[in-house]
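Novice: Below is a structure I'd like to ask you about.
Coordinate-derived values only; no laboratory data. This structure is a prediction, so every number in the text was calculated from the model and none was measured. With ideal geometry, Cβ positions are generated from the backbone for all residues, glycine too; neighbour counts draw on all protein chains shown.
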Amino acid sequence: MAFESESEYSQEELNERVDDLLADNEVVLFMKGNELMPQCGYSRKALALIQQHREDVETVDVLQALDKYRVALERHSNRETIPQTFVDGEFVGGSDILEQLHERGELGQTLDA
């Protein structure tokens, strides 16, 4: 079986992948890089904030198909920026919003929704 890179996915296939990830996971972080090697400071910050409250987070590296992920995610969040965090399929925000929720003491409750 040949490995198919996400960059080879059509926009429709990637839209479906995003839909499935949101439906199948409580918390999803779409980020640049992965859990072991975040590739931007905002993604690193978002991941660190989430991990202070949860161990089980699905991370998705968007770099192989960044433009297609931006389109797919905008359908759910009305935003093109990365990272994006979703809880129970609902858009929560990027690292800035996660930081604000953390500072107000609301991030743990938000992630447990």
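Novice: Give me a count of the residues in the stretch 41-59 that are of a type outside the set (Gly, Ala, Ser) and either buried (at least 19 other Cβ atoms within 10 Å of the Cβ) or touching a residue at least 40 places away in the same chain (Cβ under 8 Å) (or both).
Specialist: Adding up the residues that qualify gives 10.
Novice: If you don't mind, another one. Based on this model, can you work out whether GLY89 counts as in contact (Cβ under 8 Å) with a residue 12 or more places away in the chain and on the phi > 0 side of the Ramachandran plot?
Specialist: It is true that GLY89 is in contact (Cβ under 8 Å) with a residue 12 or more places away in the chain and on the phi > 0 side of the Ramachandran plot.
Novice: Further question: Only one of ALA65, ALA48, ALA72 is farther than 23 Å from SER10 by Cβ, more than 11 Å from the chain's Cα centre (by Cα) and of a type in the set (A, V, I, L, M, F, W, C); which?
Specialist: Only one candidate qualifies: ALA48.
Novice: For the stretch 1-47, which residues satisfy the criterion of being of a type in the set (Gly, Ala, Ser) and in contact with a Lys or Arg (Cβ under 6 Å, 6 or more places away or on another chain)?
Specialist: Result: SER43, single match.
Novice: Considering (1) in contact with a strand residue (DSSP E or B) (Cβ under 6 Å, 6 or more places away or on another chain); (2) under 17 Å from LEU111 (Cα atoms); (3) not acidic (Asp, Glu), say which one VAL62 fails and leave the rest.
Specialist: (2)
Novice: Taking LEU63 as the residue in question, decide whether it is without any contact (Cβ under 8 Å) to a residue 40 or more places away in the chain and surrounded by fewer than 18 Cβ atoms within 10 Å (Cβ to Cβ).
Specialist: Yes: the conditions hold for LEU63.
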